[in-house]
Amino acid sequence: MPHLAYYFSIFPALTTTFAQHQVRATEDLGLKFILVANRRPGPRDFHPQDDDLRQRTFYLTPAQPWAYLRANLQSLSRWPGGYVRTVPLAVRLRDHSPWQPLKNLVHLVVAAALAEHLLARQVPHVHVHFAYGAAEVALFLEALCGLPYSLSIHGSDVLLDNPLLEEKLRRARFIVSNCHFHVENLRRRFPSLAQQRFYVVPGGLDLQAPPWSRSDPPGADLPLRILHIGRLVPVKAQERLILALASLRDQGRDFRCRIVGDGPLRAELQDLIQSLNLQDRIQLLGACFQEELIRLYDWSQVLVLSSRSEGTPMVIIEAMAKARPVIAPRLTAIPEMVTEGQTGYLFRPGDAEDLAHQLSRLMAQPEDLIRLGLEGRQRALELFDLTRNARKLMAVFARELPWVPRDHGVSPV
């Protein structure tokens, strides 16, 4: 059976553990593939348990200039018409940046090196994770030599500013989204995608194996133990959570909060915590590997997100798998994940007082922690089981790629 190419901008990575999970799950189901990425992760930017994936991945950079020169000369010789057509395309395609044509030409150079690697292994199709730089290279790869690509979109890649987004989506043979929101939003933004084939396949966890098989609900004791997980960057809006907790403290509510993650706002957030005299109640823990995160989920009673923008946060799936209620902003795909009043509560994005109100509801009726947590676990089993969703992805590949063995039926949305 031919091999698919899974293609990433960077792989593996701490911030994309769901992608590593999905890669392994489809391999367990019999999919044959090779791994390619533009860049290798730094030594602290991936989990040690994914080192085998790192060792299996072919990295396009760094490479010697002569290797790129050789690949491009071979491409020009092998596909003279394709190369001649693709250079003007690279110059013509532009977005907001005046430097975009130059970036396109760089991506064309990389595409020639990728073509050399893939065709030597008789790869008939490339599946790109995230509509970032790897998708731009894939766009020029197809224009150069006709090797088609598809996309998995995840969140920030289609919600935040992203060069040539419409072009990358339009030229893909099909698109796999992890939620319905992205499909509806993209079709509203880009009428050219009206006929594009989208499939919805959520992410997931192996809920039948440790550590996600164990899901004791939280206790109903106070003070409330609050967990937040996310990079310390503006879009995660941890300052909204800190202000909400200051309001609860002023109301006489007791709590303990641990914030996991690192980033450029750490000193600023620490100053805010100290200025509000909350240092005895809120801890900034920095980045943590999975083993420590599991211990923190077990310690916690509720997971809180405070973001200004999100896709389908993996931490919501993890919290529900551990039978923890979730309080999160009512935006993008989060209402598809968190059922209001059943698995958690939703608040107005950016509204610290509304966030404080939702937390105070749990503090006033702490027995709801158990009910919401158990409902969340059941929802995780129904929607976010890794093996079930990997089978859905395999069914998409089987429908679209004739050399992938047939599995369960699936239709575009």
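The values are calculated or read from the model by the stated rules, or taken from the named source; none is laboratory data. This is a predicted model, so every value here is computed, not measured. All Cβ positions, even for glycine, are placed from backbone atoms using ideal geometry, and neighbour counts span all protein chains on display. Heavy atoms of the whole protein, side chains included, go into the accessibility calculation; ligands, DNA and RNA do not. Shrake-Rupley method; radii C 1.70, N 1.55, O 1.52, S 1.80 Å.
Quick rundown of the values:
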{"quantity": "Leading residue by the ranking (surrounded by the most Cβ atoms within 10 Å (Cβ to Cβ)) among those in the stretch 50-62 that are in contact with a helix residue (DSSP H, G or I) (Cβ under 7 Å, 6 or more places away or on another chain) and under 18 Å from residue 120 (Cα atoms)", "calculated": "60"}
{"quantity": "Segments classed as helices (runs of 4 or more DSSP H), wholly inside the stretch 16-83, with at least 2 members that are hydroxyl-bearing (Ser, Thr, Tyr)", "calculated": "17-28, 65-78"}
{"quantity": "Wholly within the stretch 138-241, strands (runs of 3 or more DSSP E) carrying at least 2 residues that are more than 30 Å from residue 294 (Cα to Cα)", "calculated": "149-153, 198-200"}
{"quantity": "Leading residue by the ranking (farthest from residue 256 (Cα to Cα)) among those in the stretch 273-287 that are outside any loop (DSSP other than H, G, I, E, B) and in contact (Cβ under 8 Å) with a residue 12 or more places away in the chain", "calculated": "286"}
{"quantity": "Within the stretch 322-336, considering residues that are in contact (Cβ under 8 Å) with a residue 40 or more places away in the chain and over 22 Å from residue 221 (Cβ atoms), the one most open to solvent (accessible area, probe 1.4 Å)", "calculated": "336"}
{"quantity": "Test set (1) surrounded by fewer than 22 Cβ atoms within 10 Å (Cβ to Cβ); (2) in contact (Cβ under 8 Å) with a residue 40 or more places away in the chain; (3) within 21 Å of residue 247 (Cα to Cα) - residue 339 fails condition number", "calculated": "(3)"}
{"quantity": "Unmet criterion (only one of (1) open to solvent by less than 20 Å² (accessible area, probe 1.4 Å); (2) in contact with a Gly (Cβ under 8 Å, 6 or more places away or on another chain)) for residue 21", "calculated": "(1)"}
{"quantity": "Contacts under 7 angstrom Cβ, first residue in the stretch 40-55 being within 19 Å of residue 287 (Cα to Cα), partner of a type in the set (A, V, I, L, M) and assigned to a helix (DSSP H, G or I), 6 or more apart", "calculated": "45/14; 46/14; 47/14"}
{"quantity": "Total residues in the stretch 144-199, condition of a type in the set (Lys, Arg) and crowded, with 20+ Cβ neighbours inside 10 Å", "calculated": "1"}
